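Only one structure is covered here, and it is reproduced in the block below.
The values are calculated or read from the model by the stated rules, or taken from the named source; none is laboratory data. Note that this is a predicted model, so its numbers are computed, not measured. Note: ideal-geometry Cβ built from the backbone for every residue, glycine included; neighbour counts use all protein chains shown. Calculation scope for accessible area: heavy atoms of the full protein, side chains included, ligands and nucleic acids excluded. Shrake-Rupley method; radii C 1.70, N 1.55, O 1.52, S 1.80 Å.
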Amino acid sequence: MNLFAPLEGLADWLTYGVLNIAEGSRLGESVAFFLYDVPKILLLLAVVVFAVAIVRSYFPPERTRALLSDSRLYVGNVAAASLGVVTPFCSCSAVPLFIGFVESGVPLGVTFSFLIASPMVNEVAVILLLGMFGWKIALLYTVSGLAVAIVGGIVLGRLNLEHQVEDYVWEMRMGEAHVERMTRAERYAYARGYVREIVGKVWPYVLVGIGIGAVMHGYIPTDALARYADSGNPLAVPLAVLFGIPLYANAAGVVPIVSVLVDKGVAMGTVLAFMMAVVALSVPEFVILRKVAKPKLLGIFITINFFTITAIGYMFNWVLG
Amino acid sequence: MLIEVLGSGCSKCNELEDAVRKAVARYDIDARVEHVSDIEKIMSYGVMMTPALVVDGEVLLTGRVPSVDEVAQILKR
């Protein structure tokens, strides 16, 4: 059953009734698509972000770090990637977080698993995929995002790159960790604030993204891109990842475009690999990471991510194709 | 008292500083407000999530931006 059927009816009514656009016309399809998708996505976002924020209030980074310190390769990487999903993370805190982790004995590879998973598998990305493609694709994205983080962290850990971390990081003195105890009322206030923050930040992207999506939906023939980027083109995946890495957009901006690309015949794996690269890797993030990692480590980090994401993209295309 | 806002210049850190300054002004609190962006100093407080609010050397809040009134409440404790 479609939970959003009333919204769809409302969008159709507004488009064809109130605005009086001819049914079946390109303009009509675009407008109806826009009017249906915008409230649907915003509604989903608000509800799930609230729930996620409540969960997050129980996982301050101090707790996550305590769970991960002295952890081993493999097990530690799996735990770090999973905790990366529930621990609140903002790229502006990446430096203190990184230092806090390695200082207290979280292995470098495990720290990287956390740092890859945290932005990649975030609630905004997963909700949007859920809203536009259903639970199978959302689940596939989540699992493969975790896989990229785990594999990437293990490879980085095996390379013993501790000397490629900026020296001052190891000399840093870390103060006693502070954990804020929250009351239930504070948790709710935190979650409400979080919803305001995320939805407030993300809604213009949703409008623009769905707007672009709506135009393409109405005006570009289905499968127009299939010729270039279906699963038969072996270069499509690495190229998509290469394009996606420097691009910076949050999940909200990219998913609507993703949905259109899929609609127009680009293979699912190619598109999801593109999305992972856009969401998880970006130039601003590299600038921040460069503060704690020497250039060589940063280069290795980017390279490993490129290969793991590309591999996942091929796998998707193979599984779904 | 000495109020330090720890943050590396992200937008949320500036929001917290704003809230603190407003709270200090609104409730006429006698305090000096400083914005600390030095990573070494931030780490010395054991903070991993910016922005953070430190009052007279004690970390009272990390990783979120509370309302002006909540800041005032924290400061009055």
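Of A:LEU43, A:LEU7, A:LEU35, A:LEU68, all but one fail to be over 30 Å from A:VAL106 (Cβ atoms), under 28 Å from the mean Cα position of the chain (by Cα) and open to solvent by less than 50 Å² (accessible area, probe 1.4 Å); the exception is A:LEU7. Go through the residues of the stretch A:19-32 one by one and say whether even a single one is open to solvent by less than 40 Å² (accessible area, probe 1.4 Å) and part of a loop (DSSP other than H, G, I, E, B). Looking through the stretch A:19-32, at least one residue is open to solvent by less than 40 Å² (accessible area, probe 1.4 Å) and part of a loop (DSSP other than H, G, I, E, B). Considering only the stretch A:92-99, I want to know if a residue exists there that is touching a residue at least 60 places away in the same chain (Cβ under 8 Å), open to solvent by 40 Å² or more (accessible area, probe 1.4 Å) and within 19 Å of the chain's Cα centre (by Cα). Within the stretch A:92-99 (the criterion being touching a residue at least 60 places away in the same chain (Cβ under 8 Å), open to solvent by 40 Å² or more (accessible area, probe 1.4 Å) and within 19 Å of the chain's Cα centre (by Cα)), the answer is no, since none of the residues qualifies.
Scoring A:VAL106 on the criteria (1) without any contact (Cβ under 8 Å) to a residue 60 or more places away in the chain; (2) away from every other protein chain (no Cβ under 14 Å) leaves a single failure, condition (2). For A:SER259, the conditions (1) over 18 Å from A:TYR205 (Cβ atoms); (2) open to solvent by 10 Å² or more (accessible area, probe 1.4 Å) are fulfilled apart from (1).
On inspection, A:ALA66 qualifies as in a helix (DSSP H, G or I), over 20 Å from A:MET120 (Cβ atoms) and small (Gly, Ala, Ser).
Beta carbons closer than 6 Å, at least 6 apart along the sequence or on distinct chains, pair a first residue in the stretch A:3-18 that is farther than 17 Å from A:LEU44 by Cα with a second that is open to solvent by less than 40 Å² (accessible area, probe 1.4 Å) for A:ASP12/A:ALA32; A:THR15/A:ILE21; A:THR15/A:GLY28; A:THR15/A:VAL31; A:THR15/A:ALA32. Exactly one residue among B:SER44, B:SER8 is surrounded by fewer than 18 Cβ atoms within 10 Å (Cβ to Cβ) and within 18 Å of A:PRO61 (Cβ to Cβ), and that residue is B:SER44.
Candidates A:LEU115, A:LEU83, A:LEU156: the one that is within 14 Å of another protein chain (Cβ to nearest Cβ), in contact with a Leu (Cβ under 7 Å, 6 or more places away or on another chain) and either in contact (Cβ under 8 Å) with a residue 12 or more places away in the chain or not small (Gly, Ala, Ser) (or both) is A:LEU83. Just to be sure before I move on: is A:ALA149 within 14 Å of chain B (Cβ to nearest Cβ), outside any loop (DSSP other than H, G, I, E, B) and not charged (D, E, K, R) in the structure I sent? No, not satisfied. Only residues that are within 14 Å of chain A (Cβ to nearest Cβ) and in contact (Cβ under 8 Å) with a residue 40 or more places away in the chain were counted in the stretch B:26-55, giving 7. If you go through the stretch B:4-22 and keep only what is more than 26 Å from A:GLU285 (Cα to Cα) and among the small types (Gly, Ala, Ser), you end up with just B:ALA19. So for the stretch A:130-144 (the condition being in contact (Cβ under 8 Å) with a residue 60 or more places away in the chain and closer than 25 Å to A:GLY299 by Cβ), does at least one residue qualify? Yes, the conditions are met somewhere in the stretch A:130-144. For the stretch A:176-186, the criterion of being surrounded by fewer than 19 Cβ atoms within 10 Å (Cβ to Cβ), closer than 30 Å to B:GLU70 by Cα, more than 12 Å from chain B (Cβ to nearest Cβ) and in contact (Cβ under 8 Å) with a residue 24 or more places away in the chain is met by no residue. Scanning the stretch B:1-25 for residues that are away from chain A (no Cβ under 14 Å) and in contact (Cβ under 8 Å) with a residue 40 or more places away in the chain returns B:MET1, B:LEU2, B:ILE3, B:VAL20, B:LYS22, B:ALA23, B:VAL24. I'm trying to understand the selection: among the residues of the stretch A:84-135, which are more than 19 Å from B:GLY63 (Cα to Cα) and of a type in the set (Phe, Trp, Tyr)? Within the stretch A:84-135, A:PHE112, A:PHE133, A:TRP135 qualify. Looking at A:ALA117, is it surrounded by 23 or more Cβ atoms within 10 Å (Cβ to Cβ), hydrophobic (A, V, I, L, M, F, W, C) and either out of contact with any Phe, Trp or Tyr (no Cβ under 8 Å at 6 or more places or on another chain) or in a helix (DSSP H, G or I) (or both)? When the stated conditions are applied, A:ALA117 passes them.
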